[in-house]
Amino acid sequence: MADLTLHEDPLSGNCYKIKLTAALLGLPLAVRQYDIRQGETRTPEFLAEVNANGRIPVLQIDEADGRRLLPESNAACWYLAEGTALIPQGRFDRADMLRWMFFEQYNHEPNVATLRFWLAFVGEAHLTDQQRALIPAKRAAGEDALTLMDEHLAERAWFVGDRVSLADISLYAYTHVAEAGGFRLRDRRHLCAWLERVSALPGYVPMVS
């Protein structure tokens, strides 16, 4: 495979997804780190050379015919995992996996991850009035997402099919650190059992906290 470099902030769950995917697959992955709180992804150099959208993660893929840059965490995970057991073979299961990955980005991450960042890294005292006003709605939406996940896992070990897939990796990243945003995971026993299954996978690597 090509030489792979992840442009990342180690505190980001979106970046961690890619590192966890690579680790579970045994793929070597170099990293280049940025501090998003210091605006390091908004510099002219970053915007010109890495991602004009000013965001991470970005997976850099160096091949004999040149360099390619792939933003968006779930797209990067798919690139790494295509052709492996982390992507189901069945047509429906592949679509269902994508369904959960879209759910993670639209229902889960904007609420669970945002509150973790605001409360654990920015600090409530430093939030804007607009951000503070959004906390109750984000907490309610995040609780709903976690409850839906817990209910889905009541009679299954993994989100799709009978084995771990990118759906699990995508959802694990911010779920396992959700308590930093004020969410109570221990009230959801199916979700907690699933978190333990993921962390017991061969090749698992922890997230920097």
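For residue 64, are the conditions met, namely being within 25 Å of residue 116 (Cβ to Cβ) and either at pLDDT below 95 or out of contact with any Ser or Thr (no Cβ under 7 Å at 6 or more places or on another chain) (or both)? Spelling it out, it is not the case that residue 64 is within 25 Å of residue 116 (Cβ to Cβ) and either at pLDDT below 95 or out of contact with any Ser or Thr (no Cβ under 7 Å at 6 or more places or on another chain) (or both). When each of 165, 170 is tested for being within 16 Å of residue 97 (Cα to Cα), polar (S, T, N, Q) and in contact with a Leu (Cβ under 9 Å, 6 or more places away or on another chain), the lone residue that passes is 165. Filtered by the rule that a residue be among the small types (Gly, Ala, Ser) and without any contact (Cβ under 8 Å) to a residue 12 or more places away in the chain, region 12-39 gives a lone residue, 39.
Of the numbered criteria (1) modelled with pLDDT of 95 or more; (2) within 16 Å of residue 177 (Cα to Cα), the one residue 121 fails is (1).
Mind checking which residues of region 158-209 are of a type in the set (Lys, Arg) and over 25 Å from residue 119 (Cβ atoms)?
Here is the first cut: in region 158-209, the residues of a type in the set (Lys, Arg) are 163, 184, 186, 188-189, 197.
163, 197 - these are the residues of region 158-209 that are of a type in the set (Lys, Arg) and over 25 Å from residue 119 (Cβ atoms).
Look at region 125-141: where a residue is part of a loop (DSSP other than H, G, I, E, B) and a partner is surrounded by 15 or more Cβ atoms within 10 Å (Cβ to Cβ), sitting 6+ places away or on another chain with Cβ atoms under 7 Å, you get 127/118. Taken over region 158-202, the residue count meeting the criterion of being open to solvent by less than 40 Å² (accessible area, probe 1.4 Å) and either in a loop (DSSP other than H, G, I, E, B) or hydroxyl-bearing (Ser, Thr, Tyr) (or both) is 14. Would you pick out the residues in region 71-106 that are among the polar types (S, T, N, Q), surrounded by fewer than 17 Cβ atoms within 10 Å (Cβ to Cβ) and in contact (Cβ under 8 Å) with a residue 12 or more places away in the chain? Those that are among the polar types (S, T, N, Q), surrounded by fewer than 17 Cβ atoms within 10 Å (Cβ to Cβ) and in contact (Cβ under 8 Å) with a residue 12 or more places away in the chain: 84, 105.
Counting the residues of region 56-70 that are within 13 Å of the chain's Cα centre (by Cα) and surrounded by fewer than 17 Cβ atoms within 10 Å (Cβ to Cβ) gives 0. Within region 36-55, being outside any helix (DSSP H, G or I) and open to solvent by 40 Å² or more (accessible area, probe 1.4 Å) holds for 40, 42, 43, 52, 53, 55. Here residue 113 clears all of (1) of a type in the set (Gly, Ala, Ser); (2) touching a residue at least 60 places away in the same chain (Cβ under 8 Å); (3) surrounded by fewer than 19 Cβ atoms within 10 Å (Cβ to Cβ) except the condition numbered (3).
Tell me whether region 187-201 contains one or more residues that are closer than 21 Å to residue 80 by Cα and not small (Gly, Ala, Ser).
Within region 187-201, the first condition is being closer than 21 Å to residue 80 by Cα, and the residues that meet it are 198-201.
Next cut, not small (Gly, Ala, Ser) only: 198, 201.
Yes, there is a match, as at least one residue in region 187-201 is closer than 21 Å to residue 80 by Cα and not small (Gly, Ala, Ser).
For region 26-35, what are the residues that are assigned to a strand (DSSP E or B) and more than 17 Å from the chain's Cα centre (by Cα)? Break it down into steps so the answer makes sense when it comes.
Restricting attention to region 26-35, the residues satisfying the condition of being assigned to a strand (DSSP E or B) are 30-33.
30, 32 - these are the residues of region 26-35 that are assigned to a strand (DSSP E or B) and more than 17 Å from the chain's Cα centre (by Cα).
The values are calculated or read from the model by the stated rules, or taken from the named source; none is laboratory data. Since this is a predicted model, take the numbers as computed values, not measurements. For neighbour counting, all protein chains shown are included, and Cβ atoms are generated from backbone atoms with ideal geometry for every residue, glycine included. For the accessible areas, the whole protein counts, side chains as well, though only heavy atoms, and no ligand, DNA or RNA atoms are used. Shrake-Rupley method; radii C 1.70, N 1.55, O 1.52, S 1.80 Å.
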